[in-house]
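The structure appears right after this line, and notes come after that.
The values are calculated or read from the model by the stated rules, or taken from the named source; none is laboratory data. Everything quoted here is computed from the prediction, not taken from an experiment. Reconstructed Cβ throughout: ideal geometry from the backbone, glycine too, with neighbour counts over all protein chains shown. The protein model used for the area step is the full one, side chains on, heavy atoms only, and it has no ligands, DNA or RNA in it. Shrake-Rupley method; radii C 1.70, N 1.55, O 1.52, S 1.80 Å.
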Amino acid sequence: MPASLQCLVVAPKLLSSIAASGTIRLLKPLAILTGGEPKRALFVTYCIGSCIAMLGSLNVVAPLLSMCFLLCYACMNFNSFILDILKDPHWRP
């Protein structure tokens with residue numbers, strides 16, 4: 001349960017930050033902050049979460065949530081590995 005609440009708080013800010021970086025141009029409208037909060041990104045996150053919740057079975061939703069966390073940690077580990085191999089001067093393990 002705490003991991004789900006953490007996702008609800010962090011996901012809109014993360015989505016807004018990705019949009020603000022300009023990496024994915026399609027997400028550019030989500031970078032706009034309203035009153036210091038990413039309300040557009042929050043709405044998109046809510047829509048995605050609602051669609052997943054409409055699957056109706058916890059046995060279907062739990063593996064999806066687990067796979068998201070596993071992919072996140074796998075990408076962080078891969079990034080750390082690449083930075084260590086390349087001997088990036090700004091990288092500190």
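Things worth noting here:
- Calculated Cα extents along the principal axes in Å (choose from (i) 46, 36, 24; (ii) 40, 31, 19; (iii) 55, 34, 34), label: (i)
- Sequence of T23, T34 when ordered by accessible area, the most exposed leading, probe 1.4 angstrom: T23, T34
- Largest to smallest in accessible area, the residues S17, S50 fall in the order S17, S50 (1.4 Å probe, all protein chains included).
- Phi-based couplings in Hz for the range 78-85 (Karplus 6.51, -1.76, 1.60; Gly and Pro marked x): 5, 4, 4, 4, 5, 5, 5, 5
- Partners for K28 among lysines (Cα-Cα distance below 25 Å; same-chain residues under 8 apart left out): K13, K39
- Under the combined filter of DSSP loop state and at most 13 neighbouring Cβ atoms within 10 Å, the chain retains these chymotrypsin sites (Phe, Trp or Tyr not before Pro): W91.
- The simple Förster model, with R0 at 22 Å and r as the Cβ-Cβ distance, assigns S17 and V60 a FRET efficiency of 0.15.
- Ligands, DNA and RNA are left out, and with a 1.4 angstrom probe the accessible area of the chain is 82 Å² per residue.
- Of the residues M67, M54, the one with the largest accessible area comes first in the ranking M54, M67, computed with a 1.4 Å probe on protein heavy atoms.
- The chain, accessible surface, carbon-and-sulfur percent (1.4 angstrom probe): 72
- Percent RCO, i.e. relative contact order, over the chain, from Cα pairs under 8 Å lying at least 6 residues apart: 17
- Computed from phi, the 3J(HN,Hα) profile of the range 60-74 under the Karplus parametrisation 6.51, -1.76, 1.60 (θ = phi - 60°) reads 8, 6, 4, x, 5, 5, 5, 5, 4, 5, 4, 5, 4, 5, 5 Hz, with x in place of Gly and Pro.
- Under the Karplus curve 6.51 cos²θ - 1.76 cosθ + 1.60, θ = phi - 60°, whole-Hz ³J(HN,Hα) for the range 7-21, x wherever Gly or Pro sits: 4, 5, 7, 7, 4, x, 5, 5, 4, 5, 5, 5, 5, 5, 6
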